[in-house]
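The values are calculated or read from the model by the stated rules, or taken from the named source; none is laboratory data. Owing to the predicted nature of the structure, the values given are computational and were not obtained by experimental measurement. When we count neighbours, we look across all protein chains shown, and the Cβ atoms used for this are built from the backbone with ideal geometry, even at glycine.
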């Protein structure tokens, strides 16, 4: 067995010969634990790099320099910060619920790291191949919601509780379009696998979803679902422009206001790792995962492709964070329930119907992909036209209402100031 | 004792212990948290039965949705967090014992009389496909699926109608 | 399949150790321990804490969660069908679309009622 064609099996064999003195069930468990530690610590070390990357990129966008002193170009800045956090005093506020307060930062990291258990890094480099991989991601992600709720509640602080409520409402609402948009890749993977005559195929496992994207990445087949998934999972991370949970100007820091030292650090790590994990999920579900030239022969090359695609998606998230202002809370929920959810349902229905009409088993994958792409364009066109018409109607109504008012101090100018609420009707 | 058996006994103990905590703990938010531990234990049991889909649904629906709803509902109620009153009262002890005893005996009777069908066959690898086909097939569960849809819609309409009845739009 | 679940189980255990280790290291060993009541009081923008923290809050959060629970349960039925979609006969599409239409009609009711509007 060659290291370059199947690195995991090669290393496993090597370790098996070295550790042959351990009896069998324990040896397998030990090897698995070894794999878990490798994947988990890789995931935990990643934020050390991405935090630096993010600070530098955002600094560049804001015409600053960013951290550039510690190490080459400031690369070691995050490690310095971590060491500083390690030497801070651990403060538990009076009246806090001690057990829950200490549990929350651990649970929030668990909920993000365990997503990495099912990510396929290359054709034969993956942790677990669950036949419900997509749902596993959702299930684990919902533990994070719970952790934030607990952290905010246990702190015995009004801002923390308020932040936790906002967070949970936001995360819970954006979970709906996220799950709905995850149905679309499963649908397409299911029908394409059948058309290609693949056996032993689980359309819900992330590994097989990537396999199904061999010829066409799902981004080109289901752009609407990809967009919805991207938006709603960025909202799930709770970062700008969806950072109402820690809106500094309103609720100071939100659910993690009372946390200090490493516990605060763990919330930070979880947030940054979650952002990168979202990039990795976008790469897996919609960008073709590890697929690329020669990726099947050389899995390590596939891993490079996968990381490159993940970083591309992650970079988009960072740019969004730097470029867009924070969304208002009524807009946040209205976009979700009145736009993303109906659009996601429409995307599912259209994908189902078009894919059955233009059967990939009959006309071939190419025509099927083209038909799905065209139908997605139609859905997007209709949706955005409808949304802008709706917005125009709301704005006109708002203006009419303001003009009907008797003369106010400041008079006509106020009617056109952007600070007026636009949500009422 | 095999490895799955060991996990089963540990999980079962955790489920029972946390279920006991749910009814005995005084802080109602802690009760909700113990309930979550119970749900998680049930998910592990589903995994042991090779029913990964049900395990994931258990976590997504019960921990991700119902538990959050329960915590919200707890926080909506008035001053429950400071409640330090006794959890039991001394009235109606005789009826309580009577009803509890009758229920216990009835359950014991049912459990001992039921023939639990066991199958040693392995779970088919395409069980999810079969489930999906049968859910939508008119010969199997199509009616049930549509009924579930109606039930969910009714639940949503009903709860909103009750929660917002004072609003006039 | 069971083997994958063992991997996931170990992952959960190890994933708990990863964040717990630095927290314990900092709070028990490295960090200073000089508590006083003022330092330990909850933060409230500089003024002294008053009143209860655990108070009633906006009803709106609860309504969103209710709508979410219904959608969450409904969506779980879509996944087995999505897995079987390749082999599913065309008729079953009508069943699923009907199912989605029923749930979405409830969403439309909630929308018309104005419960989705943040007030």
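Give the residue, chosen from A:289, A:254, that is in contact with a helix residue (DSSP H, G or I) (Cβ under 7 Å, 6 or more places away or on another chain), within 27 Å of residue C:79 (Cα to Cα), crowded, with 24+ Cβ neighbours inside 10 Å and at pLDDT below 85.
After applying the criteria, what remains is A:289.
Could we say that residue A:182 is under 15 Å from the mean Cα position of the chain (by Cα), touching a residue at least 12 places away in the same chain (Cβ under 8 Å), more than 9 Å from every other protein chain (Cβ to nearest Cβ) and crowded, with 24+ Cβ neighbours inside 10 Å here? Walk me through how you get there before you give the answer.
Numbers: under 15 Å from the mean Cα position of the chain (by Cα): yes; touching a residue at least 12 places away in the same chain (Cβ under 8 Å): yes; more than 9 Å from every other protein chain (Cβ to nearest Cβ): no; crowded, with 24+ Cβ neighbours inside 10 Å: yes.
It is false that residue A:182 is under 15 Å from the mean Cα position of the chain (by Cα), touching a residue at least 12 places away in the same chain (Cβ under 8 Å), more than 9 Å from every other protein chain (Cβ to nearest Cβ) and crowded, with 24+ Cβ neighbours inside 10 Å.
Please go through segment B:135-148 and give me each residue that is touching a helix residue (DSSP H, G or I) at 6+ places or on another chain (Cβ under 9 Å) and part of a helix (DSSP H, G or I), ordered by number.
Passing the criteria: B:135, B:136, B:142, B:144, B:145, B:146, B:148.
Residue by residue, here is whether (1) surrounded by fewer than 17 Cβ atoms within 10 Å (Cβ to Cβ); (2) modelled with pLDDT of 85 or more; (3) not in a helix (DSSP H, G or I) holds:
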{"residue": "C:3", "(1), (2), (3)": "yes, no, no"}
{"residue": "C:11", "(1), (2), (3)": "no, yes, no"}
{"residue": "C:34", "(1), (2), (3)": "yes, no, yes"}
{"residue": "C:47", "(1), (2), (3)": "yes, no, yes"}
{"residue": "C:53", "(1), (2), (3)": "no, no, yes"}
{"residue": "C:63", "(1), (2), (3)": "no, no, no"}
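Going through C:101, C:84, C:106, C:88 one at a time, which residue ends up being modelled with pLDDT of 80 or more, surrounded by 13 or more Cβ atoms within 10 Å (Cβ to Cβ) and more than 7 Å from every other protein chain (Cβ to nearest Cβ)? Walk me through how you get there before you give the answer.
Details: C:84 fails: more than 7 Å from every other protein chain (Cβ to nearest Cβ); C:106 fails: more than 7 Å from every other protein chain (Cβ to nearest Cβ); C:88 fails: more than 7 Å from every other protein chain (Cβ to nearest Cβ).
That would be C:101, the only listed residue that is modelled with pLDDT of 80 or more, surrounded by 13 or more Cβ atoms within 10 Å (Cβ to Cβ) and more than 7 Å from every other protein chain (Cβ to nearest Cβ).
What residue, of A:352, A:320, is surrounded by fewer than 19 Cβ atoms within 10 Å (Cβ to Cβ) and assigned to a helix (DSSP H, G or I)?
Testing whether each residue is surrounded by fewer than 19 Cβ atoms within 10 Å (Cβ to Cβ) and assigned to a helix (DSSP H, G or I) leaves just A:320.
Does segment A:191-200 contain at least one residue that is buried (at least 24 other Cβ atoms within 10 Å of the Cβ) and over 18 Å from the mean Cα position of the chain (by Cα)?
yes
Any residue that is touching a helix residue (DSSP H, G or I) at 6+ places or on another chain (Cβ under 6 Å), over 14 Å from residue A:220 (Cα atoms) and not in a helix (DSSP H, G or I) - is there at least one of those in segment A:358-370?
First, pick out the residues of segment A:358-370 that are touching a helix residue (DSSP H, G or I) at 6+ places or on another chain (Cβ under 6 Å): A:358, A:360-361, A:368-369.
Narrowing the set further to residues that are over 14 Å from residue A:220 (Cα atoms) leaves A:358, A:360-361.
So of that shortlist, the ones also not in a helix (DSSP H, G or I) come out as A:358.
Looking for residues that are touching a helix residue (DSSP H, G or I) at 6+ places or on another chain (Cβ under 6 Å), over 14 Å from residue A:220 (Cα atoms) and not in a helix (DSSP H, G or I), one finds at least one in segment A:358-370, hence yes.
Condition first: within 18 Å of residue C:105 (Cα to Cα), more than 8 Å from chain C (Cβ to nearest Cβ), at pLDDT 90 or above and exposed (fewer than 14 other Cβ atoms within 10 Å of the Cβ). Can you find one or more residues in segment B:99-112 that meet it?
Just the residues of segment B:99-112 that are within 18 Å of residue C:105 (Cα to Cα), to begin with: none.
No, segment B:99-112 contains no residue that is within 18 Å of residue C:105 (Cα to Cα), more than 8 Å from chain C (Cβ to nearest Cβ), at pLDDT 90 or above and exposed (fewer than 14 other Cβ atoms within 10 Å of the Cβ).
Identify, by number, the condition in (1) touching a strand residue (DSSP E or B) at 6+ places or on another chain (Cβ under 8 Å); (2) at pLDDT below 90 that residue A:331 doesn't meet.
In the conditions (1) touching a strand residue (DSSP E or B) at 6+ places or on another chain (Cβ under 8 Å); (2) at pLDDT below 90, residue A:331 misses (1) alone.
Considering each residue of segment B:119-136, count those that are over 16 Å from residue B:54 (Cβ atoms) and at pLDDT 85 or above, and give that number.
Number of matching residues: 2.
So, in segment A:86-111, of the ones that are under 30 Å from the mean Cα position of the chain (by Cα) and facing chain C (nearest Cβ under 7 Å), which residue ends up surrounded by the fewest Cβ atoms within 10 Å (Cβ to Cβ)?
If we take residues in segment A:86-111 being under 30 Å from the mean Cα position of the chain (by Cα) and facing chain C (nearest Cβ under 7 Å), then A:86 is surrounded by the fewest Cβ atoms within 10 Å (Cβ to Cβ).
Select from segment A:333-346 the residues that are at the interface with chain C (Cβ under 8 Å from one of its Cβ atoms) and within 20 Å of residue A:239 (Cα to Cα) and list them in ascending order.
If the condition is that a residue be at the interface with chain C (Cβ under 8 Å from one of its Cβ atoms) and within 20 Å of residue A:239 (Cα to Cα), then A:333, A:334, A:337 are the ones that fit.
Give the residues of segment A:140-157 that are surrounded by fewer than 24 Cβ atoms within 10 Å (Cβ to Cβ) and either farther than 30 Å from residue A:93 by Cβ or at pLDDT below 85 (or both), sorted by residue number.
Answer for segment A:140-157, where residues must be surrounded by fewer than 24 Cβ atoms within 10 Å (Cβ to Cβ) and either farther than 30 Å from residue A:93 by Cβ or at pLDDT below 85 (or both): just A:156.
So which helices (runs of 4 or more DSSP H) stay within segment A:151-270 end to end and still have 2 or more residues that are touching a strand residue (DSSP E or B) at 6+ places or on another chain (Cβ under 8 Å)?
By residue number, A:206-212.
Examine segment A:290-302 for a residue that is outside any helix (DSSP H, G or I), over 15 Å from the mean Cα position of the chain (by Cα), under 16 Å from residue A:116 (Cβ atoms) and in contact (Cβ under 8 Å) with a residue 60 or more places away in the chain, and state whether such a residue exists.
yes
Kindly indicate whether residue A:59 is more than 30 Å from residue B:61 (Cβ to Cβ) and more than 12 Å from chain B (Cβ to nearest Cβ). Break it down stepwise before answering.
Values: more than 30 Å from residue B:61 (Cβ to Cβ): yes; more than 12 Å from chain B (Cβ to nearest Cβ): yes.
Against the criterion (more than 30 Å from residue B:61 (Cβ to Cβ) and more than 12 Å from chain B (Cβ to nearest Cβ)), residue A:59 qualifies.
Name the residue, out of B:147, B:136, B:143, that is within 22 Å of the chain's Cα centre (by Cα) and either within 24 Å of residue C:96 (Cβ to Cβ) or at the interface with chain C (Cβ under 7 Å from one of its Cβ atoms) (or both).
So the residue among B:147, B:136, B:143 that is within 22 Å of the chain's Cα centre (by Cα) and either within 24 Å of residue C:96 (Cβ to Cβ) or at the interface with chain C (Cβ under 7 Å from one of its Cβ atoms) (or both) is B:147.
So, in segment B:113-133, of the ones that are more than 7 Å from chain C (Cβ to nearest Cβ) and assigned to a helix (DSSP H, G or I), which residue ends up surrounded by the fewest Cβ atoms within 10 Å (Cβ to Cβ)?
B:113
Among all residue pairs at least 6 apart or on different chains, which show Cβ distances below 9 Å where the first residue, located in segment B:10-31, is touching a residue at least 60 places away in the same chain (Cβ under 8 Å) and the second is in a helix (DSSP H, G or I)?
Listed by first residue and then by second, the contacts come to B:24/B:31.
For segment A:126-150, name all the residues that are outside any helix (DSSP H, G or I) and at the interface with chain B (Cβ under 10 Å from one of its Cβ atoms).
Within segment A:126-150, A:130, A:131, A:132 meet the criteria.
Quick one: residue A:359 ticks every box in (1) surrounded by fewer than 23 Cβ atoms within 10 Å (Cβ to Cβ); (2) within 11 Å of chain C (Cβ to nearest Cβ); (3) at pLDDT 85 or above bar one, so which box is it?
Here residue A:359 clears every test but (3).
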